[in-house]
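The values are calculated or read from the model by the stated rules, or taken from the named source; none is laboratory data. This one's a predicted model, so the numbers in the text were calculated from it and none came from an experiment. Virtual Cβ from ideal backbone geometry, glycine too; neighbours counted across all protein chains shown.
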Amino acid sequence: MPLSYIEPLYRPPSEANSLILQVTNGCSWNHCAFCEMYTSPEKAFAIKKTRQIEDMIREAAADQPETRRIFLADGDAMVLSTRRLLKILNFINTYFPNINRVSAYCLPRNVRKKSINELIELYEAGLKLVYVGAESGDDELLTIIKKGESQQTTIQSLNKLHDAKIKTSVMILNGLGGRQFSQQHATNSALMVNETQPNFLATLVISFPLGEERFRQHFPTPFIPLNQQELFQEMETFLRHTHLENTIFRSDHASNYLVLKGVLGKDKDKLLQMLHQAIHNPHTSNLRPEWMRGL
């Protein structure tokens, strides 16, 4: 590939076969206590120049003209102005006339800064899917982890995206609140997704490749991480409280011990049975061994 990236580069698992265009470096918020993705000096937030982005797209099209999907990196391309995003989408449509989908990570705050008409313009220009790291629907926990959002601000942003026909993929972090906040994290996260009915829903297990110390500093009491069975119990509580109509659910990230896939609510009972089995008879469940888990 002719593209050069400022490493490390992250993208959702479902974008494994997409062309990654790094239109920004780092994350425009970058205060979340749990996140280590953009904390290194080389990942300081910066926006690439429009001319540089056009050159990237032109070179990528010459190398991979068959590309059908493009993901806009890094942490939140939606921080860009609508005018600049429309320019980028126009470049993509010009150089990749057969493109099917453009997607990006998305912070709720940057959706709220855009009008519904602006979001519709972006959708019509090709932005079809955004990944929203909601992390939790519990206001107390969101404050502790310095997410800069509340349950209601996330709900408002997700519903605004739906009104613009932009699909949403919502991510919840299993184990985020440790033992103390597990119950309220599960139930309030379920309430949040019930209010928004996302197209896609994913759960990951909270992970700390660089250690837990930075995260622990934000907790009012000692952070007690959930063990394997407690993670399953939290997931069971979360799923039991969901009332979703047609949401594609995936809990198959490398951080998860138990792979869960289905459509909520059609497959809700089946998924709850799998969790029940993992809780009460883990030796009979096909669990991912510890050495195979990772961020």
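What are the residues in the range 70-115 that are in contact with a strand residue (DSSP E or B) (Cβ under 8 Å, 6 or more places away or on another chain), charged (D, E, K, R) and either modelled with pLDDT under 95 or buried (at least 18 other Cβ atoms within 10 Å of the Cβ) (or both), if any?
Those that are in contact with a strand residue (DSSP E or B) (Cβ under 8 Å, 6 or more places away or on another chain), charged (D, E, K, R) and either modelled with pLDDT under 95 or buried (at least 18 other Cβ atoms within 10 Å of the Cβ) (or both): ASP74, ASP76.
If a residue must be in a strand (DSSP E or B) and within 14 Å of ALA77 (Cα to Cα), how many such residues does the range 1-56 contain?
Going through the range 1-56 one residue at a time, the tally reaches 7.
Against the condition of a type in the set (Phe, Trp, Tyr), closer than 22 Å to LEU129 by Cβ, more than 24 Å from the chain's Cα centre (by Cα) and not in a loop (DSSP other than H, G, I, E, B), how does PHE71 come out, does it pass?
When the stated conditions are applied, PHE71 does not pass them.
Inside the range 236-247, can you point out the residues that are free of Cβ contacts under 8 Å to residues at least 60 places away in the same chain and buried (at least 16 other Cβ atoms within 10 Å of the Cβ)?
Matches in the range 236-247: GLU236, THR237, LEU239, THR242, LEU244, THR247.
Just to be sure I understand, how many residues within the range 21-31 are buried (at least 19 other Cβ atoms within 10 Å of the Cβ) and at positive phi?
Of the residues in that region, 1 qualify.
Can you tell me which residues in the range 275-289 are assigned to a helix (DSSP H, G or I) and either of a type in the set (S, T, N, Q) or within 13 Å of THR237 (Cα to Cα) (or both)?
Listed by number, the residues that qualify are LEU275, HIS276, GLN277, ILE279, THR284.
I'd like the full set of residues that are assigned to a helix (DSSP H, G or I) and either more than 22 Å from LYS128 (Cα to Cα) or under 24 Å from the mean Cα position of the chain (by Cα) (or both), limited to the range 58-68.
GLU59, ALA62, ASP63
Output the residues belonging to the range 206-229 that are among the hydrophobic types (A, V, I, L, M, F, W, C) and either in contact with a Lys or Arg (Cβ under 8 Å, 6 or more places away or on another chain) or part of a loop (DSSP other than H, G, I, E, B) (or both).
Selection gives ILE206, PHE208, LEU210, PHE219, PHE223, ILE224, LEU226.
Considering every residue within the range 155-163, establish whether at least one is closer than 28 Å to GLY262 by Cβ and touching a Phe, Trp or Tyr at 6+ places or on another chain (Cβ under 7 Å).
Within the range 155-163 (the criterion being closer than 28 Å to GLY262 by Cβ and touching a Phe, Trp or Tyr at 6+ places or on another chain (Cβ under 7 Å)), the answer is no, since none of the residues qualifies.
Report, by residue number, each residue of the range 74-93 that is polar (S, T, N, Q) and either part of a loop (DSSP other than H, G, I, E, B) or free of Cβ contacts under 8 Å to residues at least 12 places away in the same chain (or both).
Residue satisfying the conditions is SER81 alone.
Go through the range 184-205 and report how many residues are assigned to a loop (DSSP other than H, G, I, E, B) and under 14 Å from the mean Cα position of the chain (by Cα).
Matching residues across the range 184-205 total 2.
Please determine, by comparing only the residues of the range 8-20 that are modelled with pLDDT of 90 or more and over 15 Å from TYR131 (Cβ atoms), which one is surrounded by the most Cβ atoms within 10 Å (Cβ to Cβ).
LEU19
For (1) part of a helix (DSSP H, G or I); (2) touching a residue at least 12 places away in the same chain (Cβ under 8 Å); (3) under 16 Å from the mean Cα position of the chain (by Cα); (4) within 19 Å of ALA77 (Cβ to Cβ), each residue gets a yes or a no:
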{"position": "ILE120", "(1), (2), (3), (4)": "yes, yes, no, yes"}
{"position": "THR154", "(1), (2), (3), (4)": "yes, yes, yes, yes"}
{"position": "ILE172", "(1), (2), (3), (4)": "no, yes, yes, no"}
{"position": "SER182", "(1), (2), (3), (4)": "yes, yes, no, no"}
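Considering only residues of the range 253-273 that are touching a strand residue (DSSP E or B) at 6+ places or on another chain (Cβ under 6 Å) and either assigned to a helix (DSSP H, G or I) or not aliphatic (A, V, I, L, M) (or both), which is surrounded by the fewest Cβ atoms within 10 Å (Cβ to Cβ)?
Taking the candidates together, the pick is LYS261.
Quick check on my filter: what residues within the range 94-118 are part of a loop (DSSP other than H, G, I, E, B) and in contact (Cβ under 8 Å) with a residue 24 or more places away in the chain?
Listed by number, the residues that qualify are PHE96, ASN98, ILE99, ASN100, LEU107, LYS114.
Could you tell me whether LYS128 is under 24 Å from LEU244 (Cα atoms), charged (D, E, K, R) and in contact with a strand residue (DSSP E or B) (Cβ under 7 Å, 6 or more places away or on another chain)?
Here the answer is yes, as LYS128 does meet what is asked.
Could you tell me which numbered condition GLU230 fails, if it satisfies all but one of (1) closer than 22 Å to PHE34 by Cβ; (2) within 21 Å of the chain's Cα centre (by Cα)?
Failed condition: (2).
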